[in-house]
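A short worksheet on the structure shown next.
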Amino acid sequence: VDVFQAWCGPCKPVVNLFQKLRNEVGSNLLHFAVAEVDSIDALEKYRGQCEPVFLFYTGGELVAVVRGADAPLLQKTILEQL
């Protein structure tokens, strides 16, 4: 989940990375979503930050968090969680 604030928007450059990985590993294993923290109370702790935050869930449980648009770290985290 790409967690963003309305004033800075979702991290568009990372979308290409997710699409590439999703094509490689299969669309049923990897799902990408965006969530605006200002409209979701459960994400309140991520408000007020100017860097993108990516939350990784497996079976409904938060399993990893990556702060910043670090493509190699995001790819590593995705592949480790799969």
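With the structure loaded, tell me whether Leu79 is at negative phi, surrounded by 13 or more Cβ atoms within 10 Å (Cβ to Cβ), modelled with pLDDT of 85 or more and in a helix (DSSP H, G or I) or whether it fails that test.
Numbers: at negative phi: yes; surrounded by 13 or more Cβ atoms within 10 Å (Cβ to Cβ): no; modelled with pLDDT of 85 or more: yes; in a helix (DSSP H, G or I): yes.
Spelling it out, it is not the case that Leu79 is at negative phi, surrounded by 13 or more Cβ atoms within 10 Å (Cβ to Cβ), modelled with pLDDT of 85 or more and in a helix (DSSP H, G or I).
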Legend entry - In segment 40-65, residue nearest to Lys76 (Cα to Cα) [restricted to those that are free of Cβ contacts under 8 Å to residues at least 12 places away in the same chain, over 12 Å from the mean Cα position of the chain (by Cα) and surrounded by 10 or more Cβ atoms within 10 Å (Cβ to Cβ)]: Lys45
Legend entry - Among (1) within 16 Å of Val3 (Cα to Cα); (2) open to solvent by 90 Å² or more (accessible area, probe 1.4 Å); (3) outside any loop (DSSP other than H, G, I, E, B), the one test that Pro72 misses: (1)
Inset, instruction - Among the residues of segment 1-10, write down those that are assigned to a loop (DSSP other than H, G, I, E, B) and open to solvent by less than 20 Å² (accessible area, probe 1.4 Å). - result: Gln5
Inset, instruction - Answer with yes or no whether Asn16 is under 13 Å from the mean Cα position of the chain (by Cα) and exposed (fewer than 12 other Cβ atoms within 10 Å of the Cβ). - result: yes
Legend entry - Failed criterion for His31 (all others in (1) closer than 12 Å to Asp2 by Cα; (2) open to solvent by 80 Å² or more (accessible area, probe 1.4 Å); (3) in contact (Cβ under 8 Å) with a residue 40 or more places away in the chain hold): (3)
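The values are calculated or read from the model by the stated rules, or taken from the named source; none is laboratory data. What you see is a predicted model, and the numbers here were worked out from it, not measured in a lab. Every residue, glycine as well, gets a Cβ built from its backbone with ideal geometry; the counts of neighbours run over all protein chains shown. Just so you know, the surface numbers come from the protein's heavy atoms only, side chains and all, with ligands and any DNA or RNA stripped out. Shrake-Rupley method; radii C 1.70, N 1.55, O 1.52, S 1.80 Å.
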